[in-house]
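Here's the structure, in structure tokens; my notes come after.
The values are calculated or read from the model by the stated rules, or taken from the named source; none is laboratory data. Nothing here was measured: the structure is a model prediction, and the numbers come from that model. For neighbour counting, all protein chains shown are included, and Cβ atoms are generated from backbone atoms with ideal geometry for every residue, glycine included. When the accessible area is computed, the model is the full protein with side chains, heavy atoms only, and any ligands, DNA or RNA have been set aside. Shrake-Rupley method; radii C 1.70, N 1.55, O 1.52, S 1.80 Å.
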Amino acid sequence: MPQPSEHLPLLSLLIFSPLLGAAVAVLLRSERALRWWTFVFTLAVAVASVPLYAWFDTTTADFQFAEHVAWIPALKIRYALGIDGISLLLVLLTTWIMPLCVLASWRYITTRVKEFMVCLLIMETAMIGVFCALDFVLFFLFWEAMLIPMSLLIGVWGGPRKVYAAVKFFIYTMAGSVFLLAAIVALYVKVGSFSIPETMGRPYSHTFQCWVFLAMFVSFAIKVSMFPFHTWLPAAHVEAPTAGSVLLASILLKMGTYGFLRFSLPITPYATHVFMPYILWLSVAAIVYGGLTALAQTDLKKLVAYSSVGHMGFATLGIFTLTAAGIEGATLQMINHGVTTGALFIVVGIIYERLHTRDLAKAAGMGKTLPVFATLLGVFALSSLAFPGTNSFIGEFLVMSGGFAYSKALVICMVPGVVLAAAYMLRMLQKVAYGDTRNPDHSLVQDLSLREILALAPLLVMVFFIGLHPEPVTRVLHASVQHLLEQTSRPAGYAYVPLP
Amino acid sequence: MTHSVFIALLPEWVLLAGALALFVVSLGDHLTRRARIVALVTALAAVLASAGCLGERGTFFSGAYQVDGFSQLLKLVVALGFLLVLLLNGELPDIRGDAKPEYYLLLNLGVCGLVVLLSAVDAITLVVALELSSFPLYYLVSMRREREGQRMQMESAIKYIMFGVAANGIMLFGLSYLFGLTGTTSLPQMLPKLQAVAHSPLAIVGLAMTFCGFFYKLAVFPFQFWTPDVYEGAANETAGIVASLPKVVAVAVLVRFVSLAPPEHQTIAMLLTVLAVASMLYGNLIALWQKDLKRLLGFSGIAHAGYAMLGFVTLAPEGYAAAIYYMVGYLFMVLACFVVICRVSRDGRNVPLEDLAGLHRRSPLLAVTLVVGVFALAGIPPFVGFMGKLALLKAALTKGYLALVVIAVVNTAIAIYYYLGIVREAFFRDAAESAPLVIGWPTKALCLALIAGILVLGIAPQRFLQSLSSSLQALNSTPPPAATALVVNRGLPAVATAQPSP
């Protein structure tokens, strides 16, 4: 297949064009023009990211579309980009979620539209950058640069407790990041380079690996909102505007799991094996805990937020089973969660725009007057509880089969979590779609507009596409996952001490 | 290249000429505007002169004054800082009306002292330059306008001068030890002689006491006590000056002195480590409780001095370069915060945190400047605060100071809390008063310049770091200029005939 990327710095273009879009947005005056510009621009970026998939070589595990330029030689920092199968999917998810976010904020954001759109576009740059960076400092730069626009999104356009949520989000994430920074510097001192591929597969001492793993783990676990590091997540999700919640759920949480895949496993394989059992059980705890708390929620956004904790538990579980099925399932689960939970947050946003409440009781019985809405809600709720034929089923199935390879007890403990997911999602669906229609009266509430349908339709298509025909998605993963497993399971010169 | 003393010392001459002109202007009445213009022209000329003199090399005044890459680069930074500070000062709303021309005169003299300090390589010249840079600042602190119930400027000026004189006294005492050990006051000559006896208690005490003069300027623990009170008591503009320029120069000159210790000197490294940790913890923990923005920045300044000490602990050129880079970045970051303080302040009063509320509505540009400055101080990329911290951590960890790096990282996390408190006020809270803040074009230009500085130094520091490290290498490998050296029994050098202190 031809790879014109030799001459075309496609990744750089994708990363930095949103900044250009933001610069143009600063100059625009009317709110209408701003909304249209951001939408058209993000859509263009999304279309421009398609060649990545078309030109992607699925036979190799090497980083593709690579770019290497010296950036700050005095500190040995390079500008290095490249993607493998895992990052490819996440980049595509990011670029395609963005226009939907703009659509979902069309009516919701009425104040300071310009600043909002600029924040969104800066976020896009940072998010794509995180998944493409192959230099630790560049990675960290994007990783942290995201914090400022994201906390502004929550703190300026958020709900009643926005300040609390924004500050909590910021402090949590930053507290994790400083440990990541320490780990990065420690790796630099050992390797003499900030290059991510160069730090992989080195014979670090066991103690060193464990410390680096733990430092990274804190940072990534907070980002994933892994139990028990999840407490920032409900606050941030509930207070954030719809677009903020969607980005948070669909992309930001994935950065943590991406961090595990890109750094923890290949750089510190020994420590990965040491800590694997604990993380697996923590993941199971997250699945069950997320399900139980989601069941108790009356706020729709909180419900979806806690369901995220459970779903991300599947992703971390899949990763740390260290099997091909588990890791591919986890990656798929990351994409699925991005699609499904993103859609659910848009749906909750739609309810809020109409009723100005997210209370489950007050939103009851919307199905009667809003058939299109109820149908979409039904599909996404079923997808969220991993109904066969929808995307999440494939992901959770793969993760479970990976889990079986590790321990049957683990999978048996997971089962209540899966059942709980069905319980809380069906409870929500039952109330919202089929609940009592007399009280409160929703007969005057409008069904979905074309814009809202457009915002949800691509996600709907993805739910069934991945659910029925996942091969085009998993195809790009095989080589990369295989390579990752080789790096993790056979690190040169190690004798593993299996833990009890 | 080596030029005559007139060309190589052009920045100094320009500043001196400016000071003379300001002296003449300050003799008349109601000439504030003229004084301001003269000061601005001087600063601009100093920037151009030091940019033009970047390549100058030479040793002057019997080896007491060295013009090298290191000094020239930092002279450019200081001249630039002078210009920024003058723009920051605006109309000096909180300085007594009839004293404004003198304010400019003293500021100019202080900058003169700082510039001379960068090139001084003889202990006596150095002390004189240090005093020249300090005394004008003592006056500036006390020059705040008196108003009902506000006498704290006097208290803070007294504190500043007492601590300053004490620190300088200790430094002089330390220098006398070094002189006693080596028999020379010239730093390049002292270097090899001191290395031979570096582990004797006398040398360690001498070096440690010598550092004190700079620790005081830098507000390193235990010489930090003046900081919050001076920040609070001095006019906002003056506090901006005290917080920025002297610290950059203190770090630069401290490099000259710390280089006197041999690279593997455990005791000195230990001493610096303790001070770094104490400064970081003290500054950050107390800053958490501050309600006044200037006091908060004062304590955060102590913490940042602690971060900069990380570079010195390494006793290696890489670490020194990181420390200087960090402090140059700090100049921009802290000035960005002070611009906002000066413009938000009503009638020159101090700014409690609540006064920032709703800033993003009242003046978006100031709010963005503040957020960039504060996040840079917090060490968030892509700003210079992050790259500087990265360079410092890298240098420290390369030398194996793992515990120190972990403490620094934990401190960064603590600091986030109070920095975020500032952003919370400015962006997330709405104010009762929402009248837009009108700012003139010089302030706008200053804001944009500071944001650009913070970003460019963070994203594209290569040229700066390159010239910094090459000049530092040259600094460490300079052969002692034997022919022009001053041996003390031959008499005092010409420059040092002025009395060091009153």
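Cross-link reach is defined here as a Cα-Cα straight distance under 20 Å, omitting same-chain residues fewer than 8 places apart; for B:Lys394 the lysines meeting it are A:Lys76, A:Lys190.
For the peptide B:418-427, the mean number of other protein chain Cβ atoms found within 10 angstrom of a residue's Cβ is 3. For the range B:401-414, 3J(HN,Hα) computed residue by residue from phi via the Karplus equation (6.51, -1.76, 1.60; θ = phi - 60°) reads 8, 5, 4, 4, 5, 5, 4, 4, 5, 4, 4, 4, 5, 4 Hz, glycine and proline entered as x. Look at the stretch A:185-196: the mean tally of other chain Cβ atoms within 10 Å of its residues' Cβ atoms is 3.
Give the ranking of B:Lys100, A:Lys76 by solvent-accessible surface, highest area first, calculated with a 1.4 Å probe. Can you show the working numbers first?
Values: B:Lys100 35, A:Lys76 110 Å².
I get A:Lys76, B:Lys100, largest accessible area first.
For the protein assembly as shown, which whole percent of the accessible surface, found with a 1.4 angstrom probe, sits on carbon and sulfur atoms? Show your work: numbers first, answer last.
Numbers: 23200 of 33910 Å².
The nonpolar share, carbon plus sulfur, comes to 68 percent.
Each 5 Å bin from 0 upward holds the following percent of the Cα-Cα pairs of the range A:309-423: 2, 12, 20, 21, 15, 11, 8, 6, 3, 1.
Taken one residue at a time, the phi angles of the range B:226-243 give Karplus couplings (6.51, -1.76, 1.60, θ = phi - 60°) of 6, 4, x, 5, 5, 4, 6, x, 6, 4, 3, 5, 5, 4, x, 5, 4, 7 Hz. Gly and Pro are set to x. The coefficient of translational diffusion for the range B:169-271, derived via Stokes-Einstein from the alpha carbon Kirkwood radius under 37 °C and 0.692 mPa s, stands at 225 µm²/s.
To the nearest 20 debye, what charge dipole does the range B:276-405 have about its Cα centre, counting +1 at the Cβ of each Lys and Arg and -1 at the Cβ of each Asp and Glu? Provide the component values of the computation, followed by the final result.
Numbers: 11 positive and 5 negative charges, 38 e Å.
Magnitude of the dipole: close to 180 debye.
Under a Cβ-only charge scheme (Lys and Arg +1, Asp and Glu -1), can you give me the dipole magnitude of the range B:48-146 about the Cα centre, in debye to the nearest 20? Don't skip to the answer; put the middle values down first.
Values: 6 positive and 9 negative charges, 22 e Å.
Taking the Cα centre of the range B:48-146 as origin, the dipole is about 100 debye.
Think of a 1.4 Å ball rolled over the protein heavy atoms: the protein assembly as shown then has 34 Å² of accessible area per residue. Considering chain A at the alpha-carbon level, its Rg and Dmax are found to be 21.7, 70 Å. Sequence-ordered 3J(HN,Hα) estimates for the range A:337-344 from the Karplus curve with 6.51, -1.76 and 1.60 and θ = phi - 60° stand at 4, x, 6, 6, 5, x, 4, 5 Hz, glycine and proline given as x.
Given the Cα atoms of the protein assembly as shown, and with Rh set as the inverse mean 1/r over their pairs in the Kirkwood sense, what is Rg to Rh to two decimals?
Details: Rg = 30.7 Å, Rh = 30.2 Å.
Ratio of gyration radius to Kirkwood radius: 1.02.
One way to sum up the overall shape of chain B is the equivalent ellipsoid from its Cα gyration tensor, whose semi-axes run 34, 27, 20 Å, largest first.
What is the packing order of peptides B:180-191, A:454-465, taking the mean over residues of other C-beta atoms within 10 Å and listing the highest first?
On the way: B:180-191: 20.7, A:454-465: 19.1.
Order by mean packing, descending: B:180-191, A:454-465.
Using a probe of 1.4 Å on the protein chains alone, the accessible area found for A:Tyr406 is around 80 Å². Amide H contacts under 5 Å for B:Val67: B:Gly58, B:Thr59, B:Phe60, restricted to partners 5 or more places along the chain or on a different chain, H placed in the peptide plane at 1.01 Å from N.
Counting, for every residue in B:379-386, the Cβ atoms of other protein chains within 10 Å of its Cβ and taking the mean gives 5.
Once B and A are treated as a pair rather than alone, how much accessible area drops out, both sides summed, in Å² to 100, probe 1.4 Å?
Numbers: alone 18580 and 18370 Å², together 33910 Å².
The buried area between B and A, both sides summed, comes to about 3000 Å².
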